[in-house]
Amino acid sequence: MRIDILCLFPEVFDSPLNQSIIKRASERGLVDIVTHNIRDYAHDKHRTVDDYPYGGGPGMVLKPEPIFEAVEAIKEQFGTGETPVILLSPQGRRFSQSVAEELATHPHMILICGHYEGIDERVCEHLATDEISIGDYVLSGGELAALVVVDAVVRLMPGALGSECSADSDSHSNGLLEYPQYTRPHRYRDWSVPSILVSGNHGEIAQWRRHQAIARTAKRRPDLLDRVSLCDEERKWMLENS
Ligand code: ADE
């Protein structure tokens, strides 16, 4: 997969894209992430990318021309015809694990990070094919939001994680929060690992984990349960244990 990121502060990406899973995925050729400075597409010698808002009001608004031209140049070279052009903004649809799974199916995507007070609406209407928000709060710019999206998508690429199946047990991948995990020592201070986990009975361990995931979701995020299909035994267990 190729990911092009358009922004005003490409340096923000230097360290996060060069660590851990994203770094390894890049080194393995699973993903090619390229950052672009929108200023490189400005028309004047001052590399102006923003201007005052029509109608007045505080702050500056990102101009449309550099953004349109940057996206068009990238699409011309790498576009697939179905390349999603995603604007990160607090007005977008809410990012989630299922949106990450949907994006991971594309061989190419372009992310646009806004800044300042906003971005010319023609970018949203006529250039972006999607607008994504990572939550109901306002960041100073789209860079951190783009990093969240990139991280969630890249770890879904086959071969990005150490073990092929480790993304399957992640919180949210089956609609539930993840079950509790333990490692050595068996006893730490006064707290021991649940005995079932050292029983060696894989069937019972799997059932215990599923129950724990259900109980945790019911307690912390009951809103998620509406969209999860539980069998009769699991529903009964949940009612008896919550
Ligand atoms: N830019 C500023 N705030 C944002 C948010 N919550 N999500 C995505 N992009 C943003």
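The values are calculated or read from the model by the stated rules, or taken from the named source; none is laboratory data. What you are looking at is a predicted structure, and each value in this text was computed from that prediction instead of being measured. Glycine also receives a Cβ, built like all others from the backbone with ideal geometry; neighbour counts cover every protein chain displayed. Ligands, DNA and RNA are excluded from the accessible area calculation, which covers all protein heavy atoms including side chains. Shrake-Rupley method; radii C 1.70, N 1.55, O 1.52, S 1.80 Å.
A few notes on this one:
- Candidate residues Thr183, Thr35, Thr129: accessible-area rank, largest first, probe 1.4 Å: Thr183, Thr129, Thr35
- Residue-normalised accessible area of the stretch 104-236, expressed per residue, 1.4 Å probe, Å²: 59
- Placing +1 on the Cβ of every Lys and Arg and -1 on the Cβ of every Asp and Glu, with no other charges, gives the stretch 171-240 a dipole of roughly 320 debye about its Cα centre.
- Annotation: the antiparallel percentage among DSSP beta bridges lying fully within the chain is about 15.
- Ellipticity at 222 nm from helices only: DSSP H runs of n ≥ 4 in the chain, each -39500 (n - 2.57), divided by the residue count, give -10000 deg cm²/dmol.
- Sorting the segments 16-29, 102-115, 43-56 by their mean number of nearby beta carbons within 10 angstrom, highest to lowest, gives 102-115, 16-29, 43-56.
- Zero-based 10 Å bins, Cα pair distances in the chain, whole percents: 7, 25, 27, 20, 13, 7, 2, 0
- Within the accessible area of the stretch 2-154, the carbon and sulfur atoms contribute 49%, probe 1.4 Å, all protein chains present.
- Positive dipole terminus of the chain, leading residue within Ser199, His106, Leu17 (C-beta point charges): Ser199
- Solvent-free Debye calculation, one equal scatterer per alpha-carbon of the stretch 158-242: log10 I(q)/I(0) at 0.14, 0.17 Å⁻¹ equals -0.59, -0.83.
- Dipole magnitude for the stretch 2-154: about 340 debye, using +1 per Lys or Arg Cβ and -1 per Asp or Glu Cβ, origin at the Cα centre.
- Candidates Glu11, Glu204, Glu82, ranked by Gaussian network fluctuation over the chain, Cα under 10 Å, top entry: Glu204
- Counted over the stretch 1-55 with a bin width of 5 Å, the fraction of Cα pairs per bin, in whole percents, is 4, 17, 20, 19, 13, 9, 9, 6, 2, 1.
- Under 5 Å from the amide H of Thr35 lie the amide H atoms of Ile5, each residue being 5 or more positions distant or on a separate chain, with H modelled from the backbone and absent for Pro and chain starts.
- Straight-line reach from Lys219: taking Cα to Cα under 25 Å and skipping same-chain neighbours fewer than 8 places apart, the lysines in range are Lys236.
- For Lys45, the lysines whose Cα comes closer than 23 Å to its Cα, not counting residues fewer than 8 places off in the same chain, are Lys63.
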